[in-house]
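Engineer: Before we start, here is the structure in question, set down as structure tokens.
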């Protein structure tokens with residue numbers, strides 16, 4: 001696997017080694033020892049989640065706070081998304097910066113997102129299967145988030161007039177400035 005740190009400190013892009021032959025293909029989606037060797041991180045994932053979404057769905061920007069914060073290893077099994085993460089760690093040199101990338105069932109890229117980040121994605125194809133591993137359990141009381149279209153973050157979701165499907169609760173999330181107060 002090829003592991004590259006993104007423009008955000010501690011956030012890694014992972015490209016698996018794919019073995020293909022006339023029968024199909026195979027790759028390791030995760031190997032704890034290789035991950036630790038390449039990142040220096042000794043992560044233990046305790047929960048796997050999957051969502052299936054239609055084209056036009058926008059989920060995020062979400063996070064779990066305080067002792068319930070989660071690091072995530074994200075991948076798309078089928079379909080395609082624009083994946084976006086925002087560094088909310090006030091002590092980080094990349095605080096307030098964001099990173100985005102296309103993840104798909106075709107490119108098999110994965111994104112490791114450390115604790116203290118907000119995460120969201122925009123679905124680019126119908127029937128997109130999105131999987132992520134978490135290093136901490138979900139707690140409803142620890143949910144928080146930032147508006148996906150916050151003007152201070154200036155995230156380019158590449159919507160260009162596209163109709164988005166967004167939950168009412170995601171329309172009510174706070175701005176980046178409100179979050180930082």
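Engineer: Rounded to the nearest 5, what is the percent of antiparallel bridges among the DSSP beta bridges in the chain?
Structural biologist: Rounded to the nearest five, the antiparallel share is 95 percent.
Engineer: Something else: So what's the back-of-envelope 222 nm ellipticity for the chain, counting only DSSP H runs of four-plus at -39500 (n - 2.57) apiece and dividing by all residues, rounded to 500?
Structural biologist: The helix contribution divided over the chain gives -2000 deg cm²/dmol.
Engineer: What relative contact order, as a whole-number percentage, does the chain give when Cα pairs under 8 Å and 6 or more residues apart are counted?
Structural biologist: Result for the chain is 28 percent.
Engineer: Mind giving me the nanometre distance, one decimal, between the label points for residue 141 and residue 30, set 7 Å out from Cα along Cα→Cβ?
Structural biologist: According to this spin-label approximation, the distance is 2.6 nm.
Engineer: Can you order the peptides 28-35, 101-108 by their average number of other Cβ atoms within 10 Å per residue, highest first?
Structural biologist: The packing order, highest mean first, is 101-108, 28-35.
Engineer: On a full-extension model of 0.36 nm per residue, what is the gain between residue 37 and residue 154, subtracting their alpha-carbon distance, rounded to one decimal in nm?
Structural biologist: Between residue 37 and residue 154, full extension yields an extra 38.7 nm.
Engineer: Can you give the Kirkwood hydrodynamic radius for region 47-127, in Å, rounded to one decimal and based on Cα pairs?
Structural biologist: About 13.1 Å, per the Kirkwood formula over Cα pairs.
Engineer: Taking 0.36 nm per residue of sequence separation and subtracting the Cα-Cα distance, how much length would be gained by fully extending the chain between residue 163 and residue 2, in nm to one decimal?
Structural biologist: The residue 163-residue 2 span can extend by a further 54.4 nm.
The numbers here are math on the coordinates, done by the rules we state, and not lab data. Because the structure is predicted, anything quoted here is derived from the model rather than measured. Note that each Cβ is placed from the backbone with ideal geometry, even for glycine, and that neighbours are counted across all protein chains shown.
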